[in-house]
Amino acid sequence: MINQREQWGSKRGFVLAAAGSAVGLGNIWKFPYLVGENGGAAFILLYLVCVILVGLPVVIAEILIGRTTQRNPVGSFRELSQGNPFWMAVGGLGVLTGFLILSYYNVIAGWCLGYVVESFKGSFQQIENPALAGELFSSLSSKPHWTLLFHGLFMMITITVIYAGITKGIERASKIMMPALLVLILILVIRGVTLKGSAAGVGYLLKVDFSVITGKTFFLALGQAFFSLSLGMGALLTYGSYMSKKESIPGSALQIVILDTVIALLAGFMIFPAVFAMGMHPAQGPSLIFNILPVVFNSIPAGYFFRIVFFLLLTVAALTSTISLLEVITTFVVDEFRLPRKMAAIFLGIVVFVIGLPSALSFCGWQNVRLFGLTCFDFVDFISANIFLPLGGIFIALFVGWFWGAEKASSHLLEGAVNLTPFLVSAWSILIRFIAPVLILLIFLSSIGIL
Ligand code: TRP
């Protein structure tokens with residue numbers, strides 16, 4: 001059965017699919033507002049350091065586990081640990097996290113799709129300030145049929161891609177959507193930086209002021225690097241399990257990390273010049289792109305067109321990520337329970353849709369349903385992104401660095417990577433054994449309020 005496992009048609013296909021997993025709402029929605037709230041260029045610099053010291057080594061580690069075993073997260077840990085229940089539970093935690101993240105991420109993705117429709121309808125034309133945009137958002141998201149319609153629709157689109165398989169589904173979709181995404185974002189960056197008064201926004205992204213960096217800035221930057229690169233739950237592990245042993249893992253990992261980082265930076269250059277050109281403040285928090293940008297488009301030439309482009313960009317970015325999340329759980333069920341992929345994709349898509357209902361309803365009817373003081377949406381987001389992902393990340397680093405062992409792991413890393421120098425191998429093994437687990441432990445402790 002293992003011999004029949006499908007493989008990516010090409011290295012480029014794998015890199016685009018994995019970069020598609022990484023590039024998502026994290027890059028276009030979250031990264032810019034974190035930059036805006038945490039001091040601009042200084043935050044970006046810190047983010048880049050985290051990506052290089054922690055992001056890249058863990059990306060390599062995850063792909064390596066998957067490619068070596070050619071299995072899902074649970075099966076991978078089972079094989080490499082000879083059935084050790086603790087490590088299998090780490091794989092299981094990854095699959096569970098996949099269910100949880102997809103369940104609420106798909107709700108936001110659905111809004112993006114819904115906003116494409118609203119933009120076509122011209123719903124934003126009379127909206128003159130961010131407060132009115134906020135009201136529009138509340139009035140749309142508080143209608144259960146609107147939220148649930150797009151939550152369901154988005155899940156159906158995601159299922160369709162997974163149903164079609166690795167090469168015919170994910171790879172083909174990524175080869176179309178990733179270049180499209182780049183074109184869409186470039187159109188918007190060019191629009192942004194050519195607005196009158198945009199120079200202040202560009203300066204904001206380039207002038208580093210170290211005095212704004214605090215311990216909290218560092219944790220936020222590291223946590224963001226982790227989420228943005230899709231780390232900690234076996235998404236890249238799963239994609240790696242369809243990779244051929246003839247391709248170089250470090251080479252692919254570097255390309256994935258560069259694409260993810262460049263797109264986050266471009267999102268900054270798309271948003272801040274426009275925000276500054278309109279005389280608005282950068283520290284707007286999570287509503288930055290939903291409430292500020294739609295208004296900004298009202299006062300720029302051809303804003304109607306650019307607004308549609310913008311929400312399309314968000315939708316495409318979200319879709320390449322929901323695909324990777326559904327693929328993790330589908331691969332798990334197909335490998336472990338030998339269900340046919342097509343059946344698994346439909347069944348799991350429906351299950352995740354249902355798990356996502358409380359999150360979707362957090363905005364329409366269930367506002368007062370609270371778990372530990374949080375709405376269902378915020379609760380699922382918190383435990384999956386702030387607790388399960390860093391925990392998964394620590395265990396993945398410790399597993400590869402110490403249990404499986406950096407030396408054994410390195411011998412598999414060299415397969416397909418003929419040009420990898422001994423220096424780079426040692427650098428990777430130091431990062432994965434010491435630096436990554438310690439730094440991830442710090443984000444974990446800070447996100448649960450201990451640091
Ligand atoms: N990386 C995606 C983003 O930036 C989100 C995502 C997709 C993700 N798959 C993941 C995050 C797996 C963690 C784990 O939006």
Report whether or not residue 252 is closer than 20 Å to residue 9 by Cβ and either surrounded by 24 or more Cβ atoms within 10 Å (Cβ to Cβ) or out of contact with any Phe, Trp or Tyr (no Cβ under 9 Å at 6 or more places or on another chain) (or both). yes
Here are some conditions: (1) surrounded by fewer than 21 Cβ atoms within 10 Å (Cβ to Cβ); (2) under 24 Å from residue 183 (Cβ atoms); (3) within 16 Å of the ligand (Cβ to nearest atom); (4) among the aliphatic types (A, V, I, L, M). Residue 314 meets all but one. Which one does it not meet? (1)
Residue 325, sole failed condition from (1) open to solvent by less than 10 Å² (accessible area, probe 1.4 Å); (2) in contact with a Leu (Cβ under 7 Å, 6 or more places away or on another chain): (1)
Of the residues in region 253-273, how many are more than 16 Å from the ligand (Cβ to nearest atom) and of a type in the set (Gly, Ala, Ser)? 0
May I ask you to list pairs of residues, at least six apart or on different chains, whose Cβ atoms are under 6 Å apart, with the first in region 200-217 being without any contact (Cβ under 8 Å) to a residue 60 or more places away in the chain and the second being open to solvent by 80 Å² or more (accessible area, probe 1.4 Å)? none
Identify the residue in region 8-61 that is away from the ligand (no atom under 11 Å from the Cβ) and not in a helix (DSSP H, G or I) and, among all such residues, is least open to solvent (accessible area, probe 1.4 Å). 40
So residue 402, is it assigned to a loop (DSSP other than H, G, I, E, B) and open to solvent by 60 Å² or more (accessible area, probe 1.4 Å): no
Condition check: of a type in the set (Ser, Thr, Tyr), over 30 Å from residue 128 (Cα atoms), in a helix (DSSP H, G or I) and under 18 Å from the mean Cα position of the chain (by Cα). Does residue 252 satisfy that? yes
Does region 255-282 hold any residues that are crowded, with 24+ Cβ neighbours inside 10 Å and either among the acidic types (Asp, Glu) or not in a helix (DSSP H, G or I) (or both), and which are they? 260
Filter result for residue 4 (without any contact (Cβ under 8 Å) to a residue 12 or more places away in the chain, more than 23 Å from residue 181 (Cβ to Cβ) and away from the ligand (no atom under 14 Å from the Cβ)): yes
Could you check region 363-393 and list, in sequence order, the residues that are open to solvent by less than 50 Å² (accessible area, probe 1.4 Å) and free of Cβ contacts under 8 Å to residues at least 24 places away in the same chain? 375, 376, 379
Can you work out which of the residues in region 199-234 that are within 16 Å of the ligand (Cβ to nearest atom) and among the polar types (S, T, N, Q) is farthest from residue 269 (Cα to Cα)? 230
Are any residues in region 340-362 outside any helix (DSSP H, G or I) and open to solvent by less than 50 Å² (accessible area, probe 1.4 Å), and if so, which ones? 362
Within region 116-227, which helices (runs of 4 or more DSSP H) (wholly inside it) include 1 or more residues that are surrounded by fewer than 16 Cβ atoms within 10 Å (Cβ to Cβ) and modelled with pLDDT under 90? 130-141
Determine, yes or no, whether residue 120 is within 15 Å of residue 359 (Cβ to Cβ) and in contact (Cβ under 8 Å) with a residue 60 or more places away in the chain. no
Being surrounded by fewer than 20 Cβ atoms within 10 Å (Cβ to Cβ), under 17 Å from residue 241 (Cβ atoms) and within 16 Å of the ligand (Cβ to nearest atom) is the filter here, so list the residues in region 73-107 that pass it. 92
Does residue 65 fit the bill of being β-branched (Val, Ile, Thr) and either within 14 Å of the ligand (Cβ to nearest atom) or open to solvent by 10 Å² or more (accessible area, probe 1.4 Å) (or both)? no
Collect the residues in region 323-355 that are away from the ligand (no atom under 16 Å from the Cβ) and touching a Pro at 6+ places or on another chain (Cβ under 8 Å), keeping them in residue-number order. 334
When you scan region 235-244, how many residues do you find that are assigned to a loop (DSSP other than H, G, I, E, B) and either near the ligand (Cβ under 8 Å from one of its atoms) or closer than 18 Å to residue 428 by Cβ (or both)? 1
Quick one: count up the residues across region 405-446 that are assigned to a loop (DSSP other than H, G, I, E, B) and open to solvent by 40 Å² or more (accessible area, probe 1.4 Å). 5
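The values are calculated or read from the model by the stated rules, or taken from the named source; none is laboratory data. These numbers were taken from a predicted model, which means no experiment stands behind them. Note that each Cβ is placed from the backbone with ideal geometry, even for glycine, and that neighbours are counted across all protein chains shown. Note: areas computed on protein heavy atoms with side chains; ligands, DNA, RNA excluded. Shrake-Rupley method; radii C 1.70, N 1.55, O 1.52, S 1.80 Å.
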